[in-house]
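Just below is one structure, and these are the notes that go with it.
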Amino acid sequence: MNALACADDSVKSAMPSYFYLPPLDVSEAFPQATPASTFPPSASDYFQLDDLLTSEEHALRKKIRECMEKEIAPIMTEACNCGAYWEKAKFPFHVIPKIGALHIAGGTIKDYGCPGLSITGSAIAVAEVARVDASCSTFILVHSSLAMLTIALCGSEAQKQKYLPSLAQLHTIACWALTEPDYGSDASALKTTATKVERGWILEGQKRWIGNSTFADVLVVFARNATTNQINGFIIKKDAPGLTVTKIENKIGLRIVQNGDIVMRKVFVPDEDRIAGVNSFQDTNKVLAVSRVMVAWQPIGISMGIYDMCHRYLKERKQFGAPLAAFQISQQKLVQMLGNIQAMILVGWRLCKLYESGKMTPGHASLGKSWITLRARETAALGRELLGGNGILADFLVAKAFCDLEPIYTFEGTYDINTLITGREVTGFASFKPVAQRSRL
């Protein structure tokens, strides 16, 4: 027996007999408030913005809300190897068939087994999933609004028929690999290469932060054409020779999302899996324009869930002989959160209408995403304050949502990069690169 083992045994013998007991269930430890496993009813539509939706969009929201509240919320908080899925950074794969049954994968894509939703309907779907679990909504966003949409907008007819039906049912899962270790905000400068060979292409390079990548069946990958120096798109199947994917550990947010490092060493991609419609970074931007609208609705949904949890908690939790909801400062913070949500929904809804009418610009999408995530962070911070000590426990949703908003504030364009995209549009000046210093002499 080595010294370390002896030390461990010594520590164990010195501990009280109850030291290794499992924690109390939160409902027993804190019976005064209901945890997120029993999800609160929706209470955030104060301005009755549901009136802006069509009957089909109403029905879609109702279907998704019922599923997420009754079926998904309990799973996301259930025990998984001595901890909840979020805490253990594990993905609950048994939720995939339940989400697949909602028939929302593919969003606005028509035909090929896809739902053909309106852009507003697709946005509502994102928000309703995010309201209960942000990681779950990120999983479907990567799969649907990035990978599937790239194939739908830029793929050949054969590729659409081959891949989209299975992806729409979530029988197969996709990821979307653009970001690299050296190129995040500067993604257009990516250095993964694609070299033409007989009957196909050889891909060499590395990708980072790629959601769903550790278990994806289909990887949509972007690389620089070694001949033209332009960005091209490719479809790689799991376990392709030379392909390895490893999970990124130690995240503080979206912990259920399985982000990976992708390494490609002489990965062969046949000609039929080259995405013919991706011939420059501008083609990639066509996908990002739509996905950025969807991502803007993710923090809207998260904020709705935070508000709903706080609204119920303040009525249940009592101090000084009265519910927290009866105190002025609690009401002030709750109303500030509510006001944020009304404004966020209106901005998100307007983005959808601009897109539908063909008027939406990159600046519109970037302003919507950046401003909404900023307000969502404020809403989460207020919610964390309202819950006091329980505001740092994932059991009551707010702490988890607080952390989950941090990567959303950054991905699909950081807050700062998105403001610069809008700034370029309104001023006519691009300010992405530092101005070279010039001598005054």
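The values are calculated or read from the model by the stated rules, or taken from the named source; none is laboratory data. Predicted model only: the values in this text are computed from it and were never measured. Heads up, the Cβs are rebuilt from the backbone with ideal geometry, glycines too, and the neighbour counts pull from every protein chain shown. Keep in mind that these areas ignore ligands, DNA and RNA; they rest on the heavy atoms of the full protein, side chains included. Shrake-Rupley method; radii C 1.70, N 1.55, O 1.52, S 1.80 Å.
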Within the range 295-312, can one find any residue that is open to solvent by 40 Å² or more (accessible area, probe 1.4 Å) and under 25 Å from residue 40 (Cβ atoms)?
yes
Given the residues 423, 413, 391, which is the only one that is under 19 Å from residue 288 (Cβ atoms) and surrounded by fewer than 22 Cβ atoms within 10 Å (Cβ to Cβ)?
423
Quick check, is residue 359 under 25 Å from residue 123 (Cα atoms), more than 20 Å from the chain's Cα centre (by Cα) and in a loop (DSSP other than H, G, I, E, B)?
yes
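Results for (1) modelled with pLDDT of 90 or more; (2) farther than 30 Å from residue 113 by Cβ; (3) open to solvent by 20 Å² or more (accessible area, probe 1.4 Å); (4) among the aliphatic types (A, V, I, L, M), shown as yes or no for each residue.
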| residue | (1), (2), (3), (4) |
| --- | --- |
| 24 | no, yes, yes, yes |
| 43 | yes, yes, yes, yes |
| 69 | yes, no, yes, no |
| 77 | no, yes, yes, no |
| 95 | yes, no, no, yes |
Taking the range 24-81 only, how many residues are part of a loop (DSSP other than H, G, I, E, B), touching a His at 6+ places or on another chain (Cβ under 8 Å) and of a type in the set (A, V, I, L, M, F, W, C)?
1
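So that you can scan it fast, the table gives a plain yes or no per residue for (1) aliphatic (A, V, I, L, M); (2) surrounded by 17 or more Cβ atoms within 10 Å (Cβ to Cβ); (3) over 24 Å from residue 98 (Cβ atoms):
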residue	(1), (2), (3)
165	no, no, no
173	yes, yes, no
182	no, no, yes
186	no, no, yes
202	yes, yes, yes
220	yes, yes, yes
225	no, yes, yes
When you scan the range 207-220, do you find a residue that is among the aliphatic types (A, V, I, L, M), part of a strand (DSSP E or B), in contact (Cβ under 8 Å) with a residue 24 or more places away in the chain and farther than 21 Å from residue 280 by Cα, even just one?
yes
Restricting to the range 141-163, what's the tally of residues that are open to solvent by less than 10 Å² (accessible area, probe 1.4 Å) and more than 23 Å from residue 293 (Cβ to Cβ)?
1
Can you name the residue in the range 104-118 that is farther than 10 Å from residue 164 by Cβ and in contact (Cβ under 8 Å) with a residue 60 or more places away in the chain and is also surrounded by the most Cβ atoms within 10 Å (Cβ to Cβ) among such residues?
107
Single match in 315, 266, 333, 286 (criterion: open to solvent by 20 Å² or more (accessible area, probe 1.4 Å) and part of a strand (DSSP E or B)):
266
Kindly indicate which of 236, 262, 231 is out of contact with any Gly (no Cβ under 6 Å at 6 or more places or on another chain), touching a residue at least 40 places away in the same chain (Cβ under 8 Å) and within 19 Å of residue 277 (Cβ to Cβ).
231
Counting only helices (runs of 4 or more DSSP H) entirely within the range 102-189, those with at least 2 residues that are closer than 27 Å to residue 40 by Cα are 119-132, 134-140
Of these, 356, 378, which one is surrounded by fewer than 17 Cβ atoms within 10 Å (Cβ to Cβ) and at pLDDT 95 or above?
378
